[in-house]
Amino acid sequence: MKTKDRIINFFDVAALKCSCCGELGQNIDKTDNIKIIKDSEFYSITSLEEWENFMDKEINWLLANKEEVLSILPELESEWKESCKALKVLIKKNSV
């Protein structure tokens, strides 16, 4: 898998967990306006534990390949602005 595709996949999987309730799948935000619909089974993730394991593995990979990841983020910023910002912060915090 290309680095760009792997980053997008990471962003998609990160979005599977609802920021309002912490569960996977279809959720409605606190204002009852926005439905967050993702199919976690598409990524073979059926539990929060599997989601956490996937995220841990991918974060380790992203950090190990930070130079390449950072070079690709500008291409993704128009569609994934907040995700790119968060990933840059994560990489910066973990760079020593």
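The values are calculated or read from the model by the stated rules, or taken from the named source; none is laboratory data. Model, not experiment: these values are computed from the prediction. Neighbour counts are summed over all protein chains in view; Cβ atoms, including those assigned to glycine, are modelled from backbone coordinates with ideal geometry.
Descriptive notes on the structure:
- Candidates in the stretch 66-84 are the residues that are surrounded by 16 or more Cβ atoms within 10 Å (Cβ to Cβ) and in contact (Cβ under 8 Å) with a residue 40 or more places away in the chain; of these, the one that is nearest to the chain's Cα centre (by Cα) is S83.
- Filtered residues of the stretch 40-65 (kept if without any contact (Cβ under 8 Å) to a residue 12 or more places away in the chain and charged (D, E, K, R)): E41, E49, E50, E52, D56, K57
- Of all residues in the stretch 14-56, those being at pLDDT 90 or above and either under 12 Å from the mean Cα position of the chain (by Cα) or surrounded by 14 or more Cβ atoms within 10 Å (Cβ to Cβ) (or both) number 8.
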